[in-house]
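The values are calculated or read from the model by the stated rules, or taken from the named source; none is laboratory data. Remember, it's a predicted structure, so these values are computed and weren't measured experimentally. Areas reflect the complete protein model, heavy atoms only, side chains present, ligands, DNA and RNA absent. Shrake-Rupley method; radii C 1.70, N 1.55, O 1.52, S 1.80 Å.
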Amino acid sequence: MATDSGTTNGSDDPKDPEDAAAPDDVIREPGDVAPDTADGETGEARRVDESGSTEPLPDDEGRPAPKAALVYNPTKVDGDGIREQVAALAKDAGWSEPLFYETTVDDLGDDVARQALEEGVTAVLVAGGDGTVRAVSEAMTGSGVPLTIVPSGTGNLLARNLRLPLDDAAAMIAATFDGDTIPIDVGLATIRRTDGTSRQHAFVVMGGMGLDAAMIANTSSDLKKKVGWVAYVDGAARSLAQAKPFPVLYQVPGHRMHRASVQSVLFANCGSLPAGLELIPEASITDGELDITIFQPRNPLGWLAVWRRLAWDNSVLRRFRAGRRILALRTADNAVRYTKGEGIDLMAQEPRPVQLDGDEFGEATHVKVRVAAGGLTVAVPRGHRIPVA
């Protein structure tokens, strides 16, 4: 099932700054960044100096290499503190003065990350929520420039899956200047709208069509700010009350086409969620493949089977040898089905909500997903090893 290139907008390249800056119908994460309402300011991307004051974006004098750039969400981190840490460690490492960029309501981080790359930076650091990490990763995929993830916000899903220290920002910042680098996979999703236009976006954790995206759309941004990822429980409860299966056609490269009635289809680069939940225990972020999960419970008992699979089978039993023996003897059920491959071609009869790394991306009828194997280079503390499935 191939995507009709004639219906695209003519540019799916996520690394094209002009195309990325063009308005589209992507729904940004509600409340991710507070509006910039200061006199004389706009919502455009901006560089700031060490004190946080607005600094003109042009850099006519240039800066000697090596140099780092920090992209941060001012609503998620202490801007003064993190700028000071990065500047101090860069100086200690003999690097030149870093560049600092704040995200805004109009730029979750992708545009300023591209600006940093155009400046010829040696490394980029990102500090913000999952949406900020996703946006910056999109801009940096294929660049070869290392990205340091400084855990911030509520989810930190990529950092969790890489087993990075979540409460030691200094260790992660230091890894930029004296750490190791590893290549990880990135998912690329081309989302087609009802008007026939399509656009490509990246994700580093997981995306999906159906109930999971509706759950995110139904989650209160205010509640999320107060209680973090637990707020998704409220969104899930409201979404389940109205959940109905919908028909899809899907095909994984190298496999036959399937027709199914589903509640949700997830395409994942890694499989761990907060609170120790393992959505996809065998997922690997370095295997050059995506893990596909299809939820198709037929009744309330089916949802109980889904919950048992996620909260008990995957997250508890699979950790122990005896538990794995029990799972091997258990009769398989179709409430949750797993497969994997280099991507998935997914089409729904009616528009369905889509999410990437917890960001809403509106409704779509067709999502074509592929993996960019080793597409993003990330910095980790020296000697750190990421999990291998």
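Laid out as a table, the results:
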item	result
Share, in percent, of DSSP beta bridges within region 75-213 that are antiparallel, nearest 5	60
With every protein chain in place, region 345-389: carbon and sulfur % of accessible area (1.4 Å)	48
HN-Hα J in Hz across region 73-79 - Karplus 6.51, -1.76, 1.60, θ = phi - 60°, x for Gly and Pro	9, x, 8, 10, 10, 7, x
